[in-house]
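The values are calculated or read from the model by the stated rules, or taken from the named source; none is laboratory data. Just so it is clear, the structure is predicted and the values come from calculations on it, not from any experiment. Positions of Cβ are generated from backbone atoms using ideal geometry, with glycine treated the same way; all protein chains shown enter the neighbour counts.
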Amino acid sequence: MKVAGFTFIRNAVKNDYPIVEAITSILPVCDEFIVILGNSEDETGKLIRDINSPKIKIIDSIWDENLREGGTVFAAETDKAFKAISPDTDWAFYIQGDECVHEKYLPLIKKEMEDNLNDTNVEGLLFKYLHFYGSYDYYGHSRRWYRREIRIVRNNKAVHSYRDAQGFRWDGRKLQVKLIDAYIYHYGWVKPPSGLANKLRNFNKFYHNDAWMAENLPETFEFDYTYKNPDRLIHFTDTHPEVMQKRIASTNWNLNIDLKELNKKMTFRRKVLQKIEDLTGWRVSEYRNYKIVK
């Protein structure tokens with residue numbers, strides 16, 4: 001069985017993405033790793049090269065900044081990375097620049113790839129998610145945030161990134177997947193307020209035109225932690241991936257948010273739907289960009 005990791009990245013330093021941690025978190029289960037390196041304005045290329053792994057292949061790329069509707073450029077860059085994977089690869093393991101996998105899940109992930117290698121009914125593996133918010137000590141629990149997504153797919157070139165690179169499709173249809181008992185740790189919202197304001201401005205310019213940006217995220221925009229409204233923040237009592245420990249140790253801000261006030265902001269409808277999910281595990285009307293078959 002041959003496994004390839006793949007990702008895309010641009011301006012990781014400027015946007016404070018843990019791209020090195022993301023790559024190295026899954027590198028042990030990969031035989032090769034494709035990095036599509038966008039036209040950065042910082043030292044992102046050096047970050048990747050300094051990982052110093054013979055598994056890593058860096059491919060330079062120029063982003064098409066005309067692809068601004070719905071984050072299409074992210075899918076385009078993901079597809080570039082996927083297409084560069086060696087033809088003899090069986091599974092392709094996707095990781096984004098603000099995601100990590102805890103090392104405790106790697107044996108299980110490898111076993112799932114091995115066990116499902118010859119089951120052609122399984123076209124991908126579906127992961128659970130923890131969306132950390134504001135602090136490494138809390139994760140958000142909200143119907144507004146996806147709780148599962150595909151991160152391992154078969155190396156079939158009919159597979160392509162979907163919409164803004166959140167998931168994948170196979171010739172336009174949903175992939176048939178197996179849900180596995182492993183988590184992706186998403187750190188994109190763990191930043192101080194100034195960092196999140198910068199993230200929103202840099203991120204949304206690949207979704208919206210200049211007029212929208214000027215109206216909704218002007219240069220004077222100041223972020224507060226109720227902006228994204230995670231509905232609930234849950235205290236995280238487990239451990240973070242080993243590759244994240246240095247970054248976590250250098251944290252220099254405190255989460256300034258009133259958890260009780262945050263919960264009060266939930267609408268009655270969301271409170272009812274959340275209660276149903278808490279009691280039954282069923283997320284009513286959940287969007288699923290996949291079909292669970294196993």
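Just a few scattered comments:
- The stretch 122-138: number of residues that are more than 14 Å from the chain's Cα centre (by Cα) and more than 19 Å from ILE292 (Cα to Cα): 5
- Residue satisfying all of: in the stretch 29-47; assigned to a helix (DSSP H, G or I) and over 16 Å from ILE95 (Cα atoms); farthest from the chain's Cα centre (by Cα) among these: LYS46
- Only listed residue being among the charged types (D, E, K, R), at pLDDT 95 or above and part of a loop (DSSP other than H, G, I, E, B), chosen from ASP119, ASP79: ASP119
- Any pair with Cβ under 7 angstrom, 6 or more apart, that starts in the stretch 277-294 at a residue that is closer than 23 Å to TRP170 by Cα and ends at one that is modelled with pLDDT of 90 or more and among the hydroxyl-bearing types (Ser, Thr, Tyr): ASN289/TYR162
- Whenever a residue of the stretch 70-94 is buried (at least 18 other Cβ atoms within 10 Å of the Cβ), its partners that are in a helix (DSSP H, G or I) and of a type in the set (Phe, Trp, Tyr), lying with C-beta atoms within less than 8 angstrom and at least six residues away or across chains, give the pairs ALA92/PHE82; TYR94/PHE82.
- Any chance ILE26 is in contact (Cβ under 8 Å) with a residue 12 or more places away in the chain, among the hydrophobic types (A, V, I, L, M, F, W, C), part of a helix (DSSP H, G or I) and within 20 Å of GLU242 (Cβ to Cβ): yes
- Positions within the stretch 241-259 being of a type in the set (Ser, Thr, Tyr) and either touching a strand residue (DSSP E or B) at 6+ places or on another chain (Cβ under 8 Å) or over 17 Å from ALA12 (Cβ atoms) (or both), in sequence order: THR251
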